[in-house]
Amino acid sequence: MAKNAVIYLSFHEPHRLRLPVGDLSKAVSVPHLANSLMDGETTKYYFDRWLVEVCKPYALLLSSLADSGVKFLLNLSGPLLETMAQFRSQVPTAFVALLRHPNVELVCSDLKHSLSFYLDIATFERQMQRARELISEEFGVEPVLGMAPYMFMNSEIYYSLGKLNFVAALADGTQRLLAGRQAGYLRRNGEGPFLVTCSGDLNHQLVALTLGRRPSADYEVRTPQYVERVLQSAGEVVLLGWQVLPLNGHDEYNTGLALLEQLPSRLLAHDVRFISVTEVISRYGELASPLPLPALPAVSTEFGDLSFFFGHATQQHLFRLMHHAYSIAKLTRNDELVDLSLELAQWDILGLVHRLEVSNGKGSEPGYLTPSQWQNLGREGTISELLKVYESFVRCLSDFYL
């Protein structure tokens, strides 16, 4: 029976591409090039909405729960961190105080939320270190927990996090990763970081509970049933959580907040203690067992497997273009251009293509991935313009920077 629990929440707001791409014929400076490819106005628009729809209500509720002793792991994606730093004065002080709360541990991830570990593992390490430095600079806290975007995990990611001296690495306890073993136990390979795994099945159910807008009639019934599953879990700690989604203007009610209002009190009523990952390592670190890690990375249960990002021919085409964009940026030896190529190589783009090409718009598509001007292009127009972004970037660097 589970006796220890941690709640994990991830906040993400991507930097948006400009579609159609701007005029690159006079891209004589990196700022001009970046403005032609990245839509800062739309990014700011969605950030302002995030401040109202997500940041303020979650800061209020999580601060109250943290004050009562509930322990949280919070991840702010790299793009969101950068936008927060750019518009620092607009971020509520309550949210900053929450990130510094003693019952909150911050989880560091790739600064650009990019495919950096697929492009060049050394670049992944640099992006992780830059994200850690930005967190320290903005919030006065140096995170000791690290993870790749969407909890991707394999051997190279694990050992890269170890080289950066992260004490622990986070991953989702999918069958691909655990290969028949159970989540909830600490794992460790050699002198690498401790590997802390979420319960994949439990978290998949949590995602389902948070996807609806207003809770249905059986919502109050399903939550106790979920708690019962948590109580039956084996292991030293049950790590529960999800990526927080914005309301997108559909409803003033947020089921993620509703779940957070219920879940901690129900667990506490069953004598489940909230415990930090640092405490878990201190208590159970000596019991950690080795775990052979896969060559191909496992990903969060929410996405299933790599086919979500690479399963369609258009996604594979885009990935190749992303790789060429990164490679030619490296040839320029211009760090700003390399950063820009990583901005273009966001996982969100491949996720969007999945929803456009595979689910054909029938899947649950977060509004933050499809600004209105993209929707006006239609499915085929959006795909066509996406391809032009990377082709135009490569051509521009060839013409002006090499």
| task | Could you list which residues have their amide H under 5 Å from that of Glu236, counting only those 5 or more apart in sequence or on another chain, with H placed in the peptide plane? | result | Tyr185, Leu186
| request: Under a 10 Å cutoff between Cα atoms, tell me which one of Pro297, Pro20, Pro31 has the largest fluctuation in the Gaussian network model of the chain. | output: Pro31
| How much length is gained if the chain between Asp335 and Gln90 is pulled fully straight, taking 0.36 nm per residue apart and subtracting their Cα-Cα distance, in nm to one decimal? | 85.3 nm
| remark: Checked the chain against the a/c 1.5 cut and the a/b vs b/c comparison, axes a ≥ b ≥ c from its Cα gyration tensor; verdict prolate
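Order of 130-140, 190-200 by packing, highest average Cβ count within 10 Å first? Can you show the working numbers first?
Numbers: 130-140: 17.0, 190-200: 21.1.
Put in order of decreasing packing, that is 190-200, 130-140.
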| message | Run the helix sum for the chain: -39,500 (n - 2.57) per DSSP H stretch of 4+ residues, divided by residue count, reported at 222 nm to the nearest 500 deg cm²/dmol. | response | -15000 deg cm²/dmol
| note | Looking only at aspartates and glutamates whose Cα falls under 16 Å of Lys71's and that sit 8 or more positions away or on another chain, we get Glu105, Glu236, Glu261, Asp271, Glu279
| said: Under a crude label model (7 Å from the Cα following the beta-carbon direction), how far is Leu306 from Val52 in nanometres? | reply: 4.2
| request: Between Pro102, Pro14, Pro264, find the one with the highest GNM mean-square fluctuation for the chain; connect C-alpha pairs within less than 10 Å. | output: Pro102
| remark: So, with points 7 Å from each Cα along the Cβ direction, the Leu164-Ser282 label distance in nm works out to 2.5
| field | Gained length - Asp67 relative to Gln175, 0.36 nm times residue gap less alpha-carbon distance | value | 35.3 nm
| said: Would the range 232-329 count as rounded, prolate or oblate if I go by the C-alpha gyration tensor, calling it rounded below 1.5 in a/c and otherwise prolate when a/b exceeds b/c, oblate otherwise? | reply: oblate
| said: Of Thr83, Ala183, Tyr390, which is farthest towards the positive pole of the chain's charge dipole, taken about the Cα centre with +1 and -1 on the beta-carbons of Lys, Arg and Asp, Glu respectively? | reply: Ala183
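Just so you know, all these numbers are worked out from the coordinates, no wet-lab data involved. Just so you know, these numbers come straight off a predicted model, no measurement behind them. Reconstructed Cβ throughout: ideal geometry from the backbone, glycine too, with neighbour counts over all protein chains shown.
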